[in-house]
1. Need one word for the stretch 40-92: rounded, prolate or oblate. Basis is the Cα gyration tensor (sqrt eigenvalues a ≥ b ≥ c); a/c below 1.5 gives rounded, then a/b vs b/c decides.
2. At 0.36 nm per residue, and after removing the present C-alpha to C-alpha distance, how many nm does the segment from I38 to D54 gain when stretched out fully?
3. Return the sequence-ordered ³J(HN,Hα) values of the stretch 76-82 in whole Hz as given by the Karplus equation 6.51 cos²θ - 1.76 cosθ + 1.60 applied to θ = phi - 60°, using x for Gly and Pro.
4. What residues of the stretch 70-91 lie in the reach of a label at R99, counting those whose backbone N is under 15 Å from a point 7 Å from the Cα along Cα→Cβ?
5. Could you sort the peptides 54-64, 77-87 by per-residue average Cβ neighbour count (10 Å cutoff), highest mean leading?
6. Determine which aspartates and glutamates satisfy two conditions relative to K35: a Cα distance under 15 Å, and not lying fewer than 8 residues away in the same chain.
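Please treat every number below as a calculation from the coordinates, not as lab data. No experiment lies behind these values; they were computed from the predicted model shown. Cβ atoms come from the backbone with ideal geometry, glycine included; neighbour counts cover every protein chain shown.
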Amino acid sequence: MHAGKGKYLAGGIAALREASRRPRTSPTRVQSARKAQIFTPAEVTLVLKGIAIDRNRHAWHLALAGLRRGEIAGQRWDDIDFEKKLIQICRTRVDIITR
């Protein structure tokens with residue numbers, strides 16, 4: 001991924017985080033909204049350089065695009081439209097440890 005795309009990615013993450021940030025309230029207590037922690041373009045570039053040879057770099061790219069861990073684990077090839085460059089989030093995967 002080149003620097004131009006990295007800058008776009010950082011902006012995309014920032015836009016997603018800001019758009020989805022809403023204070024949550026419950027009938028019994030009010031929770032304060034947490035400030036979103038967003039990577040700077042320099043931090044995204046650093047991560048992309050660090051994962052260049054990682055065997056799970058595809059998962060890092062998806063995480064930087066805003067997918068959650070369970071959404072990444074639940075991805076299947078038929079969820080990806082390579083022509084339109086779109087990924088559908090159709091399922092999540094959760095590991096449950098039982099004792």
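1. prolate
2. On the way: separation 16, 0.36 × 16 = 5.76 nm, distance 2.24 nm.
Once the chain is fully extended between I38 and D54, it gains 3.5 nm.
3. Result, ordered by residue: 10, 4, 6, 7, 9, 9, 5 Hz.
4. None, by backbone N distance to the label point.
5. On the way: 54-64: 14.3, 77-87: 9.4.
The densest-packed peptide leads the list: 54-64, 77-87.
6. Output for K35: E18.
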